[in-house]
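Okay, so here's the structure we're looking at.
Read-outs: derived from the displayed coordinates by stated rules, not from any lab. No experiment lies behind these values; they were computed from the predicted model shown. Cβ sites come from the backbone with ideal geometry, for glycine too, and all protein chains shown count toward neighbours.
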There are 2 protein chains.
Amino acid sequence: MSKKIAVILSGCGVFDGSEIYESVITLLCLDRAGAEAQCFAPNIQQMHVINHLTGEVAEGESRQVLVEAARLARGEIKDLADAKAEEFDAVIIPGGFGAAKNLCDFAVKGSDLSLNEDLARFVQAVHQADKPVGLMCIAPAMVGKLFGEGVHFTIGNDQETASAIESTGGVHEPCPVNNICIDGTNNVVTTPAYMLASSISEAASGIEKLVAEVLAKTEG
Amino acid sequence: MSKKIAVILSGCGVFDGSEIYESVITLLCLDRAGAEAQCFAPNIQQMHVINHLTGEVAEGESRQVLVEAARLARGEIKDLADAKAEEFDAVIIPGGFGAAKNLCDFAVKGSDLSLNEDLARFVQAVHQADKPVGLMCIAPAMVGKLFGEGVHFTIGNDQETASAIESTGGVHEPCPVNNICIDGTNNVVTTPAYMLASSISEAASGIEKLVAEVLAKTEG
């Protein structure tokens, strides 16, 4: 039986949603490994819409996270509210600002962040069932709130961001873009991806290792 | 010196823009091969906006092709009007309905299609300079209008679509998803991608060959 992996998206585009390259490379790695991916996203409004050509906020525009994330999944996506931990062997959360704006509010609140309720319920249930969780780029900002004290994680080498996350409970480990941070005790795997990547193949080098390690951990 | 490849996008999302997986896999293959990709898109309004969750037209919404394509390129994109054939070694055009809705109007006009003027000017200049052009998925719908009579191409095995394109000048060759159609005389390479793919790794199998062949042809 192929492994079933939930991939949680947060929109479609690095500045206000899921980082597209990280998400696609994750799905490609999972498919090549024979795993079955199911995308989810919260059915909420995006924090805002960024014009990705100018980098400016698109005033007056509003978009729904689930609807935009559906672009990244060719329409094959479900409401995160309907995700059931018992149906999946693992969870992977790609990065992009959407992870810090729509899945939680780290982008505006820093260490005072709170988590989207559907995300917390689902990912914590997966974690409590001793199934692995992989997070990349800025998504590890949520590890303290998700998993409590002492979870080892990486967001690369940005000390200010790392410290903000550590103050919520995690323990940061510097890590290069082509590698992963494995917390074997807590079954959590992280990689810097576009926190450090200067090219798509650099991002892919770490993401491939993350997906392989998450799948390896599903074997128990 | 690394090869410079222009990648022409048509939005961001399979139903009204560029097919995201095809575009990202193209960029990943180019980067891994040491080539330098530059994304372009026309600075025009999308034909329409499709809600990718429901598949329905999002009434009242309008989006710009260049602005949405910028999501797929992490902001690193230029107006197709500014693309200069002499600066590039090859062109690749991913698919998605955007190729048939925004780069041309094949999706509504069939064999009576007309091409976006910036697209025609740039791609025809590249072609006339004997540089290779790669097209995937439905993008080969443009080969007759772009290159005239006798260009061999594939869009997989959909005979009705193939016939409509053939009536504009091309010669269709059936091709499986994991392979490519090479017109050595005209320097045109095509692959079915999501015209046939039932998974992202299937799409990748043909796209990898297309990118490799386009790059091989830049060696003369």
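Some notes on this structure:
- Local net charge near B:Val171, Cβ-Cβ under 11 Å (Lys/Arg +1, Asp/Glu -1): -4
- Peptide A:195-201 is shielded by partner chain Cβ atoms: per residue, an average of 3 of them sit within 10 Å of its Cβ.
- Calculated FRET value between B:Ser111 and B:His48, using beta carbons and R₀ = 22 Å, to 0.05: 0.55
- 18 Å cut-off, amide nitrogen to a point 7 angstrom out along A:Met1 Cα→Cβ, residues in segment A:13-52: A:34-38
- Sum of side-chain charges, A:Lys4 neighbourhood, beta-carbon under 15 Å (Lys, Arg +1; Asp, Glu -1): -3
- The antiparallel fraction among DSSP beta bridges confined to the protein assembly as shown stands at about 25%.
- Within segment A:1-42: backbone nitrogen closer than 20 Å to the A:Arg121 label point (7 Å, Cα to C-beta): A:6-11, A:38-42
- Residues with amide H under 5 Å from that of A:His152, placed H, sequence gap 5 or more: A:Val171
- Only Lys, Arg (+1) and Asp, Glu (-1) charged, at Cβ; chain A dipole about Cα centre in debye: 340
- For B:Asn43, the residues whose amide H sits under 5 Å from its own are B:Leu80, B:Ala81, ignoring neighbours fewer than 5 places away on the same chain, with H placed 1.01 Å from N.
- Remark: segment B:129-138, residue by residue, has Karplus-estimated 3J(HN,Hα) of 8, 6, 9, x, 10, x, 9, 10, 6, 8 Hz, where x stands for each Gly or Pro and the curve is 6.51 cos²θ - 1.76 cosθ + 1.60 at θ = phi - 60°.
- For the listed residue pairs A:Lys109/A:Lys209; B:Lys3/B:Lys109; B:Lys3/B:Lys84; B:Lys3/B:Lys145; A:Lys101/B:Lys101, the alpha carbons are over 25 angstrom apart in A:Lys109/A:Lys209; B:Lys3/B:Lys109; B:Lys3/B:Lys145; A:Lys101/B:Lys101.
- Sum of -39500 (n - 2.57) over DSSP H runs of 4+, divided by residues of chain A (222 nm, nearest 500): -9500 deg cm²/dmol
- Label-point separation, B:Glu86 to A:Ser163 (7 Å along Cα→Cβ), nm: 5.3
- Span-rule helices in chain B, defined as complete DSSP H runs reaching 20 Å or more along the axis (Cα) with Kyte mean at least 0.0: B:200-218
- For B:Lys4, residues with placed amide H under 5 Å, excluding near neighbours: B:Glu36, B:Asp89
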